[in-house]
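Asker: Just passing along the structure, written as structure tokens.
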Amino acid sequence: MGQEDFIAVDWGTTNRRAYRIREGQVIDSLQDALGVTAVPSGGFEQEVARLRACLGDAPMLLAGMIGSNRGWMDAGYVATPATLAQISAAMITPMDGVHIVPGVSHVAQGRGDVMRGEEVQLLGAICADLAPSDALLCQPGTHCKWAWMTDGAIARFVTAMTGEMFALLKKHALIGQEMTGEISAGDAFADGVRDGARGDLLASLFGVRPASLLGLRARADAAAYVSGLLIGADCAAYATGQRVHLLADAALGALYASAIVQLGGQAVRIDSQAAFIAGATRLWENLT
């Protein structure tokens, strides 16, 4: 089984990315907005057929929210420390030729945490030598993951609602009226990182509107400042003075890298798609 083509799908809540893989290399792919919430009840078998119609008839490995209680079938969780071998052994098969990857769970000091889909990238980064087997990895996004890898396993992780909080503030908070400008790693963002690392995040957020009213900061800089506040608070909690391997797109990766460096750390950028392909390939090989 390990030598034949297969289709790996990173199937999230709102989007999905599918790759036809041959001997560890992508030979075809597609991306669309048909996340699990867009698939009607009982419609996943039909979607599998549609993916195969686009990418060719091949067995499939599905990761992400497809394996949640909001997806096709709940694949459960592998508890930390989690290895590729343990995750492979826990995969479920909702139909012939289709395998769903479980998520990973972590409990520490009475607080639980979960991930689905990120585990493939994290473990793939290690097995592809994109990061060392003992490392701190970060996956920025709506829900930012900070993962500490030990001996190639996911030893522990923390999820921060950084991106979602920015979106909520922009859409629903009073300061959202100020957050209309562009975001880049400039002076306003750096000021936000500095203030976010200071530890008074809520007071600093309130200060966004008075800064505009009193002429302390240009309104066009408010969004960049708030982004810096949230990312700065995030990075200060987990990355101060640390070497961090970042799995992120160019824009968000640049913001996190800037904040990490500002806080005395080192940022190493990783190709997140390459990490996913490597992780999916190794999981597929483990099925043989």
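Asker: Tell me, what is the Rg over Rh of the stretch 185-261, with Rh the Kirkwood radius over Cα pairs?
Answerer: For the stretch 185-261, the value is 1.00.
Asker: Continuing with this model, one more query. How far is it, in nm, from the label point at residue 79 to the one at residue 240 when both lie 7 Å from their Cα along the line to the Cβ?
Answerer: Between residue 79 and residue 240, the label points sit 3.2 nm apart.
Asker: Here's a follow-up. For the stretch 159-288, what does the relative contact order come out to in percent, with C-alpha contacts under 8 Å and a separation of six or more?
Answerer: Relative contact order for the stretch 159-288 comes out at 24 percent.
Asker: Could you give the distance between the Cα centres of the stretch 1-77 and the stretch 130-197, to the whole Å?
Answerer: 27
Asker: For the stretch 1-85, what is the relative contact order in percent, using Cα pairs closer than 8 Å and at least 6 residues apart in sequence?
Answerer: Computed over the stretch 1-85, the figure is 30 percent.
Asker: Sticking with this one: How large is the helix-only mean residue ellipticity at 222 nm for the chain, computed as the sum of -39500 (n - 2.57) over DSSP H runs with n ≥ 4, divided by its residue count, in deg cm²/dmol to the nearest 500? Each step should come with its number before you reach the end.
Answerer: On the way: 10 runs with 106 residues, N = 288.
Using -39500 (n - 2.57) per qualifying helix, the result is -11000 deg cm²/dmol.
Asker: Arrange the peptides 203-215, 262-274 so that the one whose residues have, on average, the most other Cβ atoms within 10 Å appears first. Intermediate values should be presented prior to the final figure.
Answerer: Numbers: 203-215: 15.7, 262-274: 17.2.
Top to bottom by mean Cβ count within 10 Å: 262-274, 203-215.
Asker: Can you put 84, 137 in order of accessible area, largest first, using a 1.4 Å probe?
Answerer: So the residues, ranked largest to smallest area, are 84, 137.
Asker: Helix hunt in the chain: which complete DSSP H runs extend at least 30 Å axially by C-alpha with mean Kyte-Doolittle at least 1.0?
Answerer: Qualifying helices, which must be both long enough and hydrophobic enough, do not occur.
Asker: Apply the Kirkwood formula to the stretch 234-288: the hydrodynamic radius equals the inverse of the mean of 1/r over all pairs of different alpha-carbon atoms; give it in Å with one decimal.
Answerer: In the stretch 234-288 this quantity evaluates to 12.3 Å.
Asker: Could you list log10 I(q)/I(0) for the stretch 40-133 at q = 0.22 Å⁻¹, which the Debye formula gives when each Cα is one point scatterer?
Answerer: Ignoring solvent entirely, the Cα scatterers give -1.13.
Asker: I've got another one for you. Normalised by the residues of the chain, what does the relative contact order come to in percent, with Cα pairs under 8 Å and at least six apart?
Answerer: 18
Asker: Rolling a 1.4 Å sphere over the protein heavy atoms, what is the accessible area per residue of the stretch 35-126, to the nearest Å²?
Answerer: That works out to 43 Å² per residue.
Asker: Using a 10 angstrom cutoff on alpha carbons, build the Gaussian network for the chain and name the most mobile of 129, 28, 96.
Answerer: 96
Asker: May I pose another question? Only one of the values [x] 19.0, 65; [y] 20.2, 66; [z] 21.0, 65 was calculated from this structure for Rg and Dmax of the Cα atoms in Å; name its label.
Answerer: Correct label is [y].
The values are calculated or read from the model by the stated rules, or taken from the named source; none is laboratory data. The structure displayed is predicted, hence computed values, not measured ones. FYI the Cβ positions are ideal-geometry reconstructions off the backbone, even for glycines, and counts take in every protein chain you see. The area values use the complete protein model at the heavy-atom level, side chains included, leaving out ligands, DNA and RNA. Shrake-Rupley method; radii C 1.70, N 1.55, O 1.52, S 1.80 Å.
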